[in-house]
Amino acid sequence: MSVVLTCRGNLKVFGVDKEKDLAVVVDFHSFASRNPLQYAVFLKKFSSAVDIIRNSNCFAINFAYIKGLPEEFDEFEKTECEKLDCPRLKGSDSWLECEVKHELDLGDYVLFVGSVLFES
């Protein structure tokens, strides 16, 4: 099963702010708490997703059986989240919509912990 983080927000592209939908395959992730329900993801510090999540304060986690995904991509079939201004990966088996509650710089990775606002 692949775990794909999706997010939407402004990103500087050649010095110009553009709204981007981005998807990133996540290798390090886990539930951080069951009550309240929170999910943790570790992203490479210089990933575009880190900047987008810092600006939008939200992300979605998509669980899907998909092979051969690139590490980061912005072209994908999407559907909209129920509670957040964030895309979901169309065809996912399940997903979590998360609002960022904590961010921690861990050297070459950044940890985001999000409160789960909606799940399937």
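The values are calculated or read from the model by the stated rules, or taken from the named source; none is laboratory data. Because the structure is predicted, anything quoted here is derived from the model rather than measured. FYI the Cβ positions are ideal-geometry reconstructions off the backbone, even for glycines, and counts take in every protein chain you see.
Exactly one condition in (1) more than 21 Å from Met1 (Cα to Cα); (2) modelled with pLDDT of 95 or more; (3) of a type in the set (Gly, Ala, Ser) is false for Gly15; which is it?
Against the list (1) more than 21 Å from Met1 (Cα to Cα); (2) modelled with pLDDT of 95 or more; (3) of a type in the set (Gly, Ala, Ser), Gly15 comes up short only on (2).
Name the single residue that is farthest from Gly107 (Cα to Cα) among those in the range 50-84 being among the acidic types (Asp, Glu) and in contact with an Asp or Glu (Cβ under 8 Å, 6 or more places away or on another chain).
Glu82
Residue pairs, Cβ under 6 Å, 6 or more apart or interchain, first in the range 81-100 and polar (S, T, N, Q), second exposed (fewer than 14 other Cβ atoms within 10 Å of the Cβ). List them.
Ser94/Ser120
Only one residue in Val25, Val50, Val41, Val13 is without any contact (Cβ under 8 Å) to a residue 24 or more places away in the chain and of a type in the set (Val, Ile, Thr). Which one?
Of the residues listed, the single one that is without any contact (Cβ under 8 Å) to a residue 24 or more places away in the chain and of a type in the set (Val, Ile, Thr) is Val13.
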